[in-house]
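As structure tokens, the structure follows; a few thoughts come after it.
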Amino acid sequence: METLGSLSGKRVVVRCDLNVPLKDGVITDDGRVRASLPTLNALINQGARVVVISHLGRPKGSPDSQYSLAPVAQRLSELLGSPVTFAADTVGHAASNAVAGLQDGQIAVLENLRFNVGETSKDEAERREFAAKLAEFGDAFVSDGFGVVHRKQASVYELPQLLPSAAGTLIESELTVLDRLTENPQRPYAVVLGGSKVSDKLGVIEHLLPRVDSLLIGGGMLFTFLAAQGYSVGSSLLESDQIDTVKSYLAEAADRGVEIVLPTDVVVASAFSADAEHEVRPIDSIEDTSFGASGLGLDIGPQTADDFARRIAASTTVFWNGPMGVFELAPFAAGTKAVAEALTRVTGLSVVGGGDSAAAVRALGFADDQFGHISTGGGASLEFLEGTKLPGLEVLGWQQ
């Protein structure tokens, strides 16, 4: 933010990513709110008048009370230990009055950006029109919502073109870590990938294969890998159209001397339910359960969890994105918990790649400071690691 010069007395619009999970209006994970504090405190300490903007959820371009940022403004006030003004609209009278009432070192939070159709519009002119209204509230702009820098949206892409702009400390720290994962990482370097679909991870697999020593595969995507090796997977999640692509990755990994580590056992359930019958099965007999051949795999097995944990703890650099199973259901959380625990024992750099992985470690009782870094942007992290140009970084002049 040094590029913006002295900010004392100036109005600074800050694009944060405060897209936190809510249940009955209560924040269930405030990690993204806490991640915004270093930048906001730095601006407060400089005497700036801070206007915080963010989205939450996926409203349809009009106000929807279940996606209000009011609980976030309250939580931000608690964390800062000082009052935070909340405006009940984004570019209307409430927002104008809130911004006009700011004194040096004070903060206002405007209502959800996505209550306005211009934020996510496919029409560039419509986005620019909305961005121009936001720009009226500031003398400078700080982009600090790493979780949205891969989106070409009004507050991410058009707004920084209208005001003197800089990246905040959160984006800077995220990119510093991601650079360490792509440029001369310390070895051994292991990447752990999970989540439901292999199609979501194709780009990152392709981009990282030349850079890693081992690739550990769990989650629903493991069954497409097993099918590519000729195993039967019952009713488990399977992307048949990706089998040939997976075969090509297995061949490329063998040529490069990269070890792709697949599960040796899985937890198979009779149904997608915490109460369902379930058994641990070797990968060559997934269909041989007491409840028939139609079971579905919902977690890596204990033997695999031990193997993955050993490999992770022995690595110097580890990047993990995607749970190993359906961690939200207690019988199928052990694999994800084993991976998380192993990451806490990495002596080098351990990175939890945002999204479901970040939600999982907190839901399973781990603290943020047990890991080297927990990313605030799962999709943005993956696209960066894929080598994709991110519009929210390009507009700031950040070179990838």
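Laboratory data are not the source of any read-out in this text; all were calculated from the coordinates shown. Just so you know, these numbers come straight off a predicted model, no measurement behind them. Every residue, glycine as well, gets a Cβ built from its backbone with ideal geometry; the counts of neighbours run over all protein chains shown.
Look at the dipole of the chain built from charges on Cβ: of V51, T317, V233, the Cα furthest out on the positive end belongs to V51. Axis of helix 334-343 versus longest Cα principal axis of the chain: the two differ by about 60°, to the nearest ten degrees. Measure nothing fancy, just the Cα-based angle from helix 70-80's long axis to the longest principal axis of the chain, in degrees from 0 to 90, nearest 10. Result, in degrees: 80. So which of K60/K122; K152/K389; K60/K389 end up more than 23 Å apart by C-alpha? Over 23 Å Cα-Cα: K60/K389.
Starting from the Kirkwood radius over alpha-carbon pairs of the chain, derive D by Stokes-Einstein at 25 °C in a medium of 0.890 mPa s and give it in µm² s⁻¹. Don't skip to the end; give the middle numbers.
Details: Rh = 22.3 Å.
Here the translational diffusion coefficient equals 110 µm²/s.
Listed by chain and number, the aspartates and glutamates whose alpha-carbon sits under 15 Å from that of K10, ignoring those within fewer than 8 places in the same chain, are E2, D104, E136, D139. Can you list the lysines whose alpha carbon sits under 18 Å from that of K247, skipping same-chain ones fewer than 8 residues off? In chain and number order, the partners are K197, K201. Given axes a ≥ b ≥ c from the Cα gyration tensor, I'd like to know whether segment 11-128 is rounded (a/c under 1.5), prolate (a/b larger than b/c) or oblate. Note, shape of segment 11-128 comes out oblate. Amide H to amide H, with H built 1.01 Å from N, L216 comes under 5 Å of V191, V192, L193, V261, counting only residues 5 or more places away or on other chains.
Per-residue Karplus couplings for segment 25-35, computed as 6.51 cos²θ - 1.76 cosθ + 1.60 with θ equal to phi - 60°, are listed in order as x, 10, 6, 9, 8, 9, x, 6, 5, 5, 5 Hz, Gly and Pro entered as x. Above 15 Å, the calculated P(r) of segment 323-400 contains 59 percent of its Cα-Cα pairs.
Treating the beta-carbon of each Lys and Arg as +1 and of each Asp and Glu as -1, no other charges, what is the dipole magnitude of segment 114-161 about its Cα centre, to the nearest 20 debye?
Values: 7 positive and 9 negative charges, 43 e Å.
Result for segment 114-161 is approximately 200 debye, rounded to the nearest 20.
Remark: segment 297-376 carries a charge dipole of roughly 160 debye about the Cα centre, counting +1 on each Lys and Arg Cβ and -1 on each Asp and Glu Cβ. Note on K133: aspartates and glutamates with a C-alpha under 20 Å away, same-chain residues under 8 apart excluded, are D17, D89, E111, E119, D123, E124, D144, E158. With helices as the sole contributors, the chain gives -9500 deg cm²/dmol at 222 nm; each DSSP H run of n ≥ 4 counts as -39500 (n - 2.57), and the sum is divided by every residue.
Couplings for segment 245-254, taken from phi via the Karplus curve 6.51 cos²θ - 1.76 cosθ + 1.60 with θ = phi - 60°, read 5, 4, 4, 5, 5, 4, 5, 5, 4, 4 Hz in order; Gly and Pro are left as x.
Return the long-range amide H neighbours of I374 (sequence gap of 5 or more, or a different chain), with a cut-off of under 5 Å between placed amide H atoms. Close amide H contacts, sequence-distant or interchain: V352. 3J(HN,Hα) along segment 181-196, derived from phi through the Karplus expression 6.51 cos²θ - 1.76 cosθ + 1.60 where θ = phi - 60°, amounts to 7, 10, 10, 6, x, 6, 10, x, 10, 10, 10, 10, 10, x, x, 7 Hz, with x in place of Gly and Pro.
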